[in-house]
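The values are calculated or read from the model by the stated rules, or taken from the named source; none is laboratory data. All figures in this text were calculated on a predicted structure; none of them were measured in a lab. Backbone-built Cβ (ideal geometry, glycine too); neighbour counts: all protein chains shown.
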């Protein structure tokens, strides 16, 4: 009887035992992964898998081909797309910064020199004793002042026929040319700014804008200035201004892509703003030279820093306060700017072997300059 009861209990329990899963033979053992089974991860690269959707390709806007080196153009376009408003992580409150130090490359010819030429030819400076003290004695101040006084009270229509005017005009141009050759860009560009002494900022801005607009309409060319008909050593001056179309296209792409674009120029602020106008950059994003004011007029004191060499870095740090992810330059005057911070750097080169080697060593993009070189004996640096 007892035997039969035990047999009955076992029969009833058998289905329960049958429903239990078999014990995992690997239970309690340390799990091992093969290298082949592990997902591959590389530094800075997102992990992908066959089940994850592929990230959409970043739209890349193209610039007109122009005279760009195709490889340089493609690198610029891809970089701008990667840092622009279509890129992940773009912050409209702190957009990517681009700084262009293109005194010799944005325009064919020089806006600062073009305005200086008009001031000289029209004798539009605020001539007084303080003005003449700005003119260095060793660069012909006394001779030029005497020449000016010989024609200044005569009708403008007669100036071209007066020896005094011809000596005055050429004397100014020679002084600037020689000063640049001897003292360098910082000193000679600062001198150009100091010659605005006596203008109000408003009058200076209006004069610079009109002069630049006039030169933008003038055909490009070279004009010779002599003291007399038999002068065998005329001064050669480039006339006319023309925006470099490739730089216009680059600025347009940067702006459309949401970059905070800045232009640095070694010209009086009013001249720098007028020269930057064809590139569509906001005037508040143009940094030039500044003069201190005395009784609401320009003095002859230049306020540091000057947008040349290390001064461009100082301006970038003080005005922007953020590292430019893109910077472009066109001469030795831009080495410090191109070396500042991290990001993509572009040099417009003109065959300077030392500068080219530096660019290669530092991984800068190199593009042959678009602006044509100045003729021999040109005015300015």
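Given (1) out of contact with any strand residue (DSSP E or B) (no Cβ under 6 Å at 6 or more places or on another chain); (2) not in a loop (DSSP other than H, G, I, E, B); (3) not assigned by TED's automatic domain parsing to the domain that holds residue 314, where does residue 223 come up short, assuming only one miss?
Failing condition for residue 223: (1).
Can you confirm whether residue 293 is surrounded by fewer than 16 Cβ atoms within 10 Å (Cβ to Cβ) and in a strand (DSSP E or B)? Step through it out loud before you land on a result.
Values: surrounded by fewer than 16 Cβ atoms within 10 Å (Cβ to Cβ): yes; in a strand (DSSP E or B): yes.
Taking the combined requirement at face value, the residue satisfies it.
Every residue, every condition in (1) surrounded by 10 or more Cβ atoms within 10 Å (Cβ to Cβ); (2) under 22 Å from residue 364 (Cα atoms), yes or no:
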| residue | (1), (2) |
| --- | --- |
| 76 | yes, yes |
| 83 | yes, yes |
| 86 | yes, no |
| 93 | no, no |
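Out of (1) within 24 Å of residue 188 (Cα to Cα); (2) buried (at least 18 other Cβ atoms within 10 Å of the Cβ), the odd one out for residue 340 is which?
(1)
Residues 126, 122: which one is free of Cβ contacts under 8 Å to residues at least 40 places away in the same chain, closer than 22 Å to residue 212 by Cβ and surrounded by fewer than 16 Cβ atoms within 10 Å (Cβ to Cβ)?
Working: 126 fails: free of Cβ contacts under 8 Å to residues at least 40 places away in the same chain.
The match here is 122.
Just one of 204, 184, 171, 164 is surrounded by fewer than 20 Cβ atoms within 10 Å (Cβ to Cβ) and modelled with pLDDT of 95 or more; which is it? Spell out how you get there, then give the answer.
Details: 204 fails: surrounded by fewer than 20 Cβ atoms within 10 Å (Cβ to Cβ); 184 fails: modelled with pLDDT of 95 or more; 171 fails: surrounded by fewer than 20 Cβ atoms within 10 Å (Cβ to Cβ).
None of the other options fit; the residue is 164.
Conditions (1) outside the structural domain of residue 100 (by TED's automatic domain parsing); (2) touching a residue at least 12 places away in the same chain (Cβ under 8 Å); (3) over 15 Å from the mean Cα position of the chain (by Cα); (4) within 28 Å of residue 195 (Cα to Cα), marked per residue:
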position	(1), (2), (3), (4)
312	no, yes, no, yes
323	no, yes, no, no
338	no, yes, no, no
341	no, yes, no, no
355	no, yes, yes, no
358	no, yes, yes, no
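Mind listing just one residue for me: the one in region 302-330 that is assigned to a loop (DSSP other than H, G, I, E, B) and out of contact with any helix residue (DSSP H, G or I) (no Cβ under 8 Å at 6 or more places or on another chain) and, of those, surrounded by the most Cβ atoms within 10 Å (Cβ to Cβ)?
Quick first cut of region 302-330, residues assigned to a loop (DSSP other than H, G, I, E, B) only: 304-309, 321-325, 330.
Retained after the next criterion (residues that are out of contact with any helix residue (DSSP H, G or I) (no Cβ under 8 Å at 6 or more places or on another chain)): 321-323, 330.
Details: 321: 8, 322: 13, 323: 15, 330: 25.
The extreme case among them is 330.
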